[in-house]
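Visitor: Could you have a look at this structure, given as structure tokens, before my questions?
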Amino acid sequence: MNQLAEASQIAHQVLDSIQRVIVGKERAIEMSLVALISQGHLLIEDVPGLGKTTLAKAIALSSGCSFKRIQFVPDLLPSDITGVNIYSQKTGEFEFRSGPLMAQVVLADEINRTPPKTQSALLEAMQELTVTVRGGLHTITPPFFVLATQNPIELEGTYPLPEAQLDRFLFNVILDYLSDDEELAVVDRYTTQMGIPDVDPCTTPEQIIQFQELVRQVPVSETVSRFAVNLVRATRPEDPLAPEVVRRYVQYGASVRATMFLTLAAKARALMLGRYHVTQDDITALVLPVMRHRVLTNYFAESDKVDVDDILTQLVQSLSAPKRAVQAG
């Protein structure tokens, strides 16, 4: 079996394994796996009780990775998540005792409820795959995946994430309530048994790392790359490509990192679907989760009740129109 077929098979095995635990949420599950194999991180906005802890555990179990959950609260200190140096009377030296951030899959629950100092410790780990404790540098064992959540309905006692940290998340996924049939299935499943259903590892951390390396090798044509570049540039009001909806409602557009993440995630999606090339559809399918947290709207958008998703949807339609016209002709 060649690398492409093996990677696609493993991806579908992991997806199937997670879906045996999570009812519905196909989009969130897909985005989680794409983020993992892209060496990215996932930010989920949701209301309580929509299965984010179960999702993170299922990802860790399916991939054979270690898992830790961190509940972010206002009095959480950086050392509470990174670990501490403890003096050993036996050796006469300080020994590092790792914190929960040293796991391979980390659920950072309600990340915006902790002060900026602790958020910065998480930022270092996400960006550098290291933590610093009293001047000592400690490396996190790859693969390292952060699934962070923030609650959009409770505003008191929160510390908004700085743009620099938001930009480190590959995706921002918004969960919604289940359909009535899906909710009925959840009630039936979790009131007849204790805990989550058994999840057997479908792969190993070593295979995940190989998958991440393979993603980087997926080729992208200049036409598709330029389409991704144009999409991101069109989110900037001052750019000639920006449509009227962007000029009117956007204050700041997406950065170059958005272009890189959009292309990298499109490579991962193509690989999961069994293709060793990226299409324009791969790019458009990922525009919302990649860019909704990177585009800042102005007061006109708030006044007219226009959100970022509305703006990005119109933007994609305006830039994709020439392609559809060519295909029709």
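Visitor: Is there any pair linking a residue in region 1-21 that is over 12 Å from residue 272 (Cβ atoms) to one that is among the hydroxyl-bearing types (Ser, Thr, Tyr) and modelled with pLDDT of 85 or more, with Cβ under 8 Å and at least six apart or on different chains, and which?
Guide: Close Cβ pairs satisfying both conditions: 17/62; 18/32; 18/62.
Visitor: Residues in region 211-237 that are closer than 30 Å to residue 18 by Cβ, surrounded by 16 or more Cβ atoms within 10 Å (Cβ to Cβ) and among the polar types (S, T, N, Q): how many?
Guide: 1
Visitor: Output the residues belonging to region 17-48 that are within 26 Å of residue 180 (Cα to Cα), of a type in the set (A, V, I, L, M, F, W, C) and part of a strand (DSSP E or B).
Guide: Matches in region 17-48: 43, 44.
Visitor: From the list 164, 148, 108, 125, exactly one residue is crowded, with 20+ Cβ neighbours inside 10 Å and not in a strand (DSSP E or B). Which is it?
Guide: Going through 164, 148, 108, 125 in turn, just one is crowded, with 20+ Cβ neighbours inside 10 Å and not in a strand (DSSP E or B): 125.
Visitor: Moving on to the next point. Quick check: is even one residue across region 75-86 crowded, with 19+ Cβ neighbours inside 10 Å and among the hydrophobic types (A, V, I, L, M, F, W, C)?
Guide: yes
Visitor: If you check every pair at least six apart or on different chains, which have Cβ atoms under 9 Å apart with a residue in region 199-213 that is among the acidic types (Asp, Glu) first and a residue that is surrounded by 16 or more Cβ atoms within 10 Å (Cβ to Cβ) second?
Guide: From region 199-213, the pairs are 200/17; 200/61; 200/62; 206/64.
Visitor: Restricting attention to region 59-85, which residues are of a type in the set (Gly, Ala, Ser), part of a helix (DSSP H, G or I) and not assigned by TED's automatic domain parsing to the domain that holds residue 200? Let's see the steps before the verdict.
Guide: Pass one, region 59-85, residues of a type in the set (Gly, Ala, Ser): 60, 62-64, 66, 79, 83.
Still in the running and part of a helix (DSSP H, G or I): 60, 62-63, 79.
Result: 79, single match.
Visitor: Moving on. Would you be able to say whether some residue in region 269-283 is within 24 Å of residue 297 (Cα to Cα), buried (at least 20 other Cβ atoms within 10 Å of the Cβ) and either out of contact with any Pro (no Cβ under 6 Å at 6 or more places or on another chain) or among the hydroxyl-bearing types (Ser, Thr, Tyr) (or both)?
Guide: yes
Visitor: Further question: Does residue 294 satisfy the criteria of being out of contact with any strand residue (DSSP E or B) (no Cβ under 7 Å at 6 or more places or on another chain), crowded, with 20+ Cβ neighbours inside 10 Å, under 18 Å from residue 319 (Cβ atoms) and not aliphatic (A, V, I, L, M)?
Guide: yes
Visitor: When you check residue 173 against the structure, is it at pLDDT 85 or above, touching a Leu at 6+ places or on another chain (Cβ under 7 Å) and surrounded by 12 or more Cβ atoms within 10 Å (Cβ to Cβ), yes or no?
Guide: Criteria met by residue 173.
Visitor: Additional query: Would you confirm whether any residue within region 88-97 is surrounded by 16 or more Cβ atoms within 10 Å (Cβ to Cβ), touching a Gly at 6+ places or on another chain (Cβ under 7 Å) and assigned to a strand (DSSP E or B)?
Guide: There is at least one residue in region 88-97 that is surrounded by 16 or more Cβ atoms within 10 Å (Cβ to Cβ), touching a Gly at 6+ places or on another chain (Cβ under 7 Å) and assigned to a strand (DSSP E or B).
Visitor: Being in contact (Cβ under 8 Å) with a residue 24 or more places away in the chain, of a type outside the set (D, E, K, R), in contact with a His (Cβ under 8 Å, 6 or more places away or on another chain) and assigned by TED's automatic domain parsing to the domain that holds residue 166 is the requirement here; does residue 55 meet it? Don't jump to the end; show me each part of the working.
Guide: On the way: in contact (Cβ under 8 Å) with a residue 24 or more places away in the chain: yes; of a type outside the set (D, E, K, R): yes; in contact with a His (Cβ under 8 Å, 6 or more places away or on another chain): no; assigned by TED's automatic domain parsing to the domain that holds residue 166: yes.
When the stated conditions are applied, residue 55 does not pass them.
Visitor: Here is a further query. Taking the stated definitions as given, is residue 55 over 21 Å from residue 292 (Cβ atoms), of a type in the set (A, V, I, L, M, F, W, C) and assigned to a helix (DSSP H, G or I)?
Guide: No: the conditions fail for residue 55.
Quick grid of which residues meet (1) under 22 Å from the mean Cα position of the chain (by Cα); (2) under 30 Å from residue 5 (Cβ atoms); (3) not acidic (Asp, Glu):
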{"residue": "255", "(1), (2), (3)": "yes, no, yes"}
{"residue": "276", "(1), (2), (3)": "no, yes, yes"}
{"residue": "292", "(1), (2), (3)": "yes, no, yes"}
{"residue": "297", "(1), (2), (3)": "yes, no, yes"}
{"residue": "319", "(1), (2), (3)": "no, no, yes"}
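The values are calculated or read from the model by the stated rules, or taken from the named source; none is laboratory data. Predicted model, so just to flag it, every value in this text is computed and none were measured. Cβ coordinates were reconstructed from backbone atoms using ideal geometry, including for glycine residues, and neighbour counts include every protein chain displayed.
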